[in-house]
1. For each of 138, 182, 111, count neighbouring Cβ atoms within 10 Å of the residue's Cβ, then give the residues from fewest to most.
2. So which chymotrypsin sites (Phe, Trp or Tyr not before Pro) in region 205-270 end up in coil per DSSP with only 16 or fewer other C-beta atoms within 10 Å?
3. Compare the Cα positions of 165, 137, 149 along the charge dipole of region 118-200 (+1 at Cβ of Lys, Arg; -1 at Cβ of Asp, Glu; about the Cα centre) and return the one farthest towards the positive end.
4. Residues with amide H under 5 Å of residue 62's amide H, sequence separation 5 or more or different chain, H placed in the peptide plane at 1.01 Å from N; which?
5. Can you check how the C-alpha radius of gyration of region 22-182 compares to 2.2 N^0.38 Å, as a plain ratio?
6. Can you list which of the GluC sites (Glu not before Pro) found in region 200-272 are DSSP loop residues with at most 14 other C-beta atoms within 10 Å?
7. Under 22 Å between alpha carbons, and skipping anything fewer than 8 positions from residue 77 in its own chain: which lysines qualify?
8. Could you sort 165-174, 42-51 so that the peptide with the highest average Cβ count within 10 Å comes first and the rest follow in order?
Amino acid sequence: MSNGARYWMALLPTLLLWPILAGAFEDDEACLMCHKYPKMGRITDEGIQKSYYVVPNTFSRTVHRNVPCRDCHSYIKQLPHKPVEEGVRCDSECHSVQNPSTGQPFSHKPIYNAFKESVHSREKVEDDRSDADKPYCITCHTNPLYNESEETPPKHIVDRCVVCHEDEKFANKWYSHTSRRIREVKRSSQEIVALCSTCHGDEEMVTRHRKAAEKEGRELGKKFPIAVESYQDSFHGKVTKYGSTDAANCLDCHASAKNYYMSVHELRPSSDPESPVHKDNRVKTCKRCHETADANYAALDPHPSNNKEDNAFNHYAELLYNIVGNVALVGLVGMALFETVGRRRDGASWRFMNGTSWRRRRRF
Ligand code: HEC
Ligand code: HEC
Ligand code: HEC
Ligand code: HEC
Ligand code: HEC
Ligand code: HEC
Ligand code: HEC
């Protein structure tokens, strides 16, 4: 072997590994040849403006930056590609990213499988049966930046990694990965209520879906039609609206406490014995926050309705309060009127003096 050949043999692994070592997004599939143009996009038949522009410097700071485009857009087999008719599935395997703990190609299968058992189970992003009303992964998740507030990892932390790991790129990459997960990146109660309400508070969707379920002979929960408005009326809903982060949001009750990041994907109907809101599990669920909760406490309705059949006590209590309230109001106004007429007849004037208009004419 010549010296020149040896030189290239030694260099080859470095060249092959370069994109990984460099860490940043490399566009080795040449997608950006076309997708780097800001004006690229179209208006769909429904009149929605779609952008096909991928911003390289933004993409390279997202959680999926090490995933090559075609690991997700796997239906693209050649370039230039045909018009796209499929959506991306979130359970497909990444050919280029290994799960370091199993040595297998990485995929979101564990979450996907949990999701498949849930009330929102839906096979594909473009399913257009009544399932289209249900959320898919990308309804709730975009492709977030690792650490939104940081352009680059803080130097004083990376400095510490490189005393052992030598390579700054390695340190940057793993800093971004772990620091995002160590920080609690989690939606606030208000965000969760807003997320669930986009669908469960949409009267049209609720009615459409109730009809579909009826046709299919499936029974939905008693509170399905009023889940959001009744939550808004509940104590939890009211204090959450005014900023409380401690009162229960939808997921505090509907997702099991076991592993939050998994169980939010496993929501079940209240009739399922594994649901934390199943009647046998309710005490335990309330106890997460109300330490002294017992069966009586757990029987308090978190989705209170004033429907007569559902909640006769509330219904009649509200009716009674309304009657009492109205009687009191009519009585008060009536009294004031009597008083006015009476004083007028006694010769009190309308003039406003020293803070009151009730003033007799001077006697002297
Ligand atoms: C030669 C130029 C070119 C290249 C290279 C290219 N694309 Fe495209 N891509 C287009 C055009 C043009 C459209 C818009 C097609 C349309 O409106 O039907 C598009 C649309 C898309 C869409 C959106 C389709 C939709 O309707 O939602 C996706 C996803 C996509 N490309 C992915 C990729 C990926 C991944 C790569 C790299 C493997 C890539 N493209 C490379 C030209 C290109
Ligand atoms: C982690 C998976 C993933 C990776 C990696 C990824 N995409 Fe996408 N991309 C998606 C999803 C999901 C959508 C939403 C539409 C869909 O479901 O098909 C999408 C949509 C798009 C669209 C169309 C936008 C629209 O509104 O329909 C384009 C264009 C696109 N991607 C290009 C790219 C290019 C270029 C790359 C590489 C730089 C890339 N994508 C990397 C998952 C991915
Ligand atoms: C109804 C909304 C919803 C749907 C649908 C959904 N998720 Fe989630 N997901 C969440 C919430 C809420 C969290 C908790 C973290 C947060 O608040 O962002 C989460 C967390 C995650 C995490 C952990 C993120 C991290 O940084 O720790 C991953 C990964 C994930 N989801 C993937 C998926 C996949 C894959 C699917 C589709 C099979 C999916 N999700 C469907 C709401 C949803
Ligand atoms: C005192 C030396 C030292 C410092 C400082 C250090 N590491 Fe490590 N790191 C190691 C050693 C040794 C290993 C080998 C794994 C083990 O402990 O068995 C390792 C392993 C790792 C691994 C696992 C790699 C793999 O593929 O298995 C990651 C990721 C990592 N370090 C990231 C970091 C980051 C990020 C920092 C800075 C915040 C850091 N390390 C600081 C010594 C260090
Ligand atoms: C994209 C719309 C959408 C979003 C967002 C959504 N849901 Fe749903 N959800 C549905 C649809 C549609 C059904 C009906 C499923 C069926 O027919 O079985 C449903 C069913 C349910 C059920 C079971 C209903 C029953 O009667 O069996 C519960 C509980 C539920 N969702 C809770 C939630 C919570 C909590 C959130 C917020 C984290 C949420 N959903 C977000 C659309 C949505
Ligand atoms: C304090 C706990 C709690 C909170 C907070 C809560 N729920 Fe519920 N939810 C329940 C219980 C318990 C039931 C079953 C009630 C029944 O059938 O009598 C239920 C029933 C439902 C149902 C009907 C389907 C079923 O499984 O019976 C839907 C849909 C629902 N909730 C959605 C939501 C949404 C959306 C939010 C947030 C806006 C929310 N819930 C907040 C406890 C809660
Ligand atoms: C994530 C924590 C959490 C969960 C789970 C939870 N609650 Fe609450 N709840 C609160 C907080 C915080 C308040 C406000 C307490 C206060 O300010 O007095 C509250 C207030 C209430 C109130 C108002 C009256 C009172 O006792 O203060 C009722 C009733 C109530 N919860 C019932 C329930 C029931 C029933 C369950 C179980 C189905 C439940 N809660 C589950 C956090 C929770």
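1. Ascending Cβ contact count within 10 Å gives the list 182, 138, 111.
2. Sites meeting the loop and neighbour criteria: 242.
3. About the Cα centre, the residue reaching furthest to the positive side is 165.
4. Residues meeting the amide H criterion: 146.
5. Compared with the compact-globule rule of thumb, region 22-182 sits at 1.20.
6. The qualifying sites are 219.
7. 36, 124
8. So the order, starting with the most tightly packed, is 165-174, 42-51.
We did not get these values from a lab; they are worked out from the coordinates using the rules stated. Just so we're clear, the structure is a prediction, and the values are computed from it rather than from any experiment. Please note: Cβ atoms are built from the backbone with ideal geometry, for glycine as well, and neighbour counts cover all protein chains shown.
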